[in-house]
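Asks: Have a look at this one before I ask anything.
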Amino acid sequence: MNDLDIPVITIDGPSGAGKGTIAQMLALELSWNILDSGALYRTLAYFMQENKISLNNFVEKREEIEKRFHVSFDPGVPGEPVRVIFEDKDITSLVRTEEIAKLTSNLAAEPIIRDFIKPCQRDFMKAPGLIADGRDMGTVIFSDAKYKIFLTASVEERAKRRQTQLKRLGLEVNMRSLLHELEERDRKDTEREHSPLIPAQDSMIIDTSNLNPEGVVKEIKTYL
Ligand code: C5P
């Protein structure tokens, strides 16, 4: 099977729109590979923080980072987040904090960071298929994908979902600051110059505000 024969379903949208849950449900049901590109950016941000690497010395350290930066995902079990494995460690709860999210959003606006992450993302395209979750999966990284979904939901609903996810990871957050951070991150992701968050022209847009995950999967299956 060559690359062109490997089916890809892209799922883009803002934080808390349900991408992770839906990507996980589809990956488990189809037994396909999963790419949580947000977690890939988060892992790079975490790695840079841990190793005191800044944008200024990124180019100089790039080779070293490339050697060590191998991330894998385990779809895990329904109701729990997709697990992030880095250097043989499960770092899921370390990278899913709001502090890392903020740092990630700033780094992700930088072309050198996006340029570094791009080939890592394409490497996930393996048989029998790939579910790719992110912001620019359908517009940039897998613009050739046959199936493209864009999930959205009201900011209040997304903040509520985010709070539940963080609670499950044992992290308490204040609803007001969560709402503020989410709006700020949406603004940055949408307004940035490189790979802004926008639906691909040929994507199916689903507002998940009043749908449960099963309802969203049902709509996607009808589309597929
Ligand atoms: O989806 P998640 O909240 O984990 O993503 C964290 C951040 O990573 C986003 O706010 C966005 O800035 C960045 N990101 C991106 N492109 C992607 C996925 C995530 O810029 N494909």
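The values are calculated or read from the model by the stated rules, or taken from the named source; none is laboratory data. These numbers were taken from a predicted model, which means no experiment stands behind them. Positions of Cβ are generated from backbone atoms using ideal geometry, with glycine treated the same way; all protein chains shown enter the neighbour counts. To get the accessible areas, we keep the full protein, side chains included, count just its heavy atoms, and leave off ligands, DNA and RNA. Shrake-Rupley method; radii C 1.70, N 1.55, O 1.52, S 1.80 Å.
Asks: Scan (1) away from the ligand (no atom under 14 Å from the Cβ); (2) open to solvent by less than 50 Å² (accessible area, probe 1.4 Å) for the single condition residue 38 breaks and write down its number.
Replies: (1)
Asks: Let me ask something else about it. Please go through region 98-135 and pick out each residue that is in a loop (DSSP other than H, G, I, E, B) and either among the aromatic types (Phe, Trp, Tyr) or within 8 Å of the ligand (Cβ to nearest atom) (or both).
Replies: Result: 109, 124, 135.
Asks: Criterion first (out of contact with any Asp or Glu (no Cβ under 7 Å at 6 or more places or on another chain), of a type in the set (Gly, Ala, Ser), open to solvent by less than 10 Å² (accessible area, probe 1.4 Å) and farther than 25 Å from residue 109 by Cα) does residue 129 satisfy it?
Replies: It is true that residue 129 is out of contact with any Asp or Glu (no Cβ under 7 Å at 6 or more places or on another chain), of a type in the set (Gly, Ala, Ser), open to solvent by less than 10 Å² (accessible area, probe 1.4 Å) and farther than 25 Å from residue 109 by Cα.
Asks: Please go through (1) of a type in the set (A, V, I, L, M); (2) closer than 27 Å to residue 97 by Cβ; (3) open to solvent by less than 80 Å² (accessible area, probe 1.4 Å); (4) out of contact with any strand residue (DSSP E or B) (no Cβ under 7 Å at 6 or more places or on another chain) for residue 216 and return the number of the only condition it doesn't satisfy.
Replies: So residue 216 meets the others, but not (4).
Asks: Would a scan of region 62-71 turn up a residue that is within 16 Å of the ligand (Cβ to nearest atom) and part of a helix (DSSP H, G or I)?
Replies: No; the residues of region 62-71 include none that is within 16 Å of the ligand (Cβ to nearest atom) and part of a helix (DSSP H, G or I).
Asks: Quick check on my filter: what residues within region 1-14 are within 16 Å of the ligand (Cβ to nearest atom) and either assigned to a helix (DSSP H, G or I) or buried (at least 23 other Cβ atoms within 10 Å of the Cβ) (or both)?
Replies: 8, 9, 10, 11, 12, 13 - these are the residues of region 1-14 that are within 16 Å of the ligand (Cβ to nearest atom) and either assigned to a helix (DSSP H, G or I) or buried (at least 23 other Cβ atoms within 10 Å of the Cβ) (or both).
Asks: Is one or more of the residues making up region 60-77 touching an Asp or Glu at 6+ places or on another chain (Cβ under 6 Å) and crowded, with 21+ Cβ neighbours inside 10 Å?
Replies: yes
Asks: Which condition breaks for residue 53 when tested against (1) at pLDDT 95 or above; (2) within 14 Å of the ligand (Cβ to nearest atom); (3) not in a helix (DSSP H, G or I)?
Replies: Every condition holds for residue 53 apart from (2).
Asks: Count, please, the residues in region 184-208 that happen to be under 21 Å from residue 21 (Cβ atoms) and open to solvent by 70 Å² or more (accessible area, probe 1.4 Å).
Replies: 2
Asks: In region 176-216, which residues are among the aliphatic types (A, V, I, L, M) and over 18 Å from residue 137 (Cβ atoms)?
Replies: 178, 179, 182, 211
Asks: If we scan region 180-191, do we find a residue that is out of contact with any Phe, Trp or Tyr (no Cβ under 9 Å at 6 or more places or on another chain), among the hydrophobic types (A, V, I, L, M, F, W, C) and free of Cβ contacts under 8 Å to residues at least 40 places away in the same chain?
Replies: Within region 180-191 (the criterion being out of contact with any Phe, Trp or Tyr (no Cβ under 9 Å at 6 or more places or on another chain), among the hydrophobic types (A, V, I, L, M, F, W, C) and free of Cβ contacts under 8 Å to residues at least 40 places away in the same chain), the answer is no, since none of the residues qualifies.
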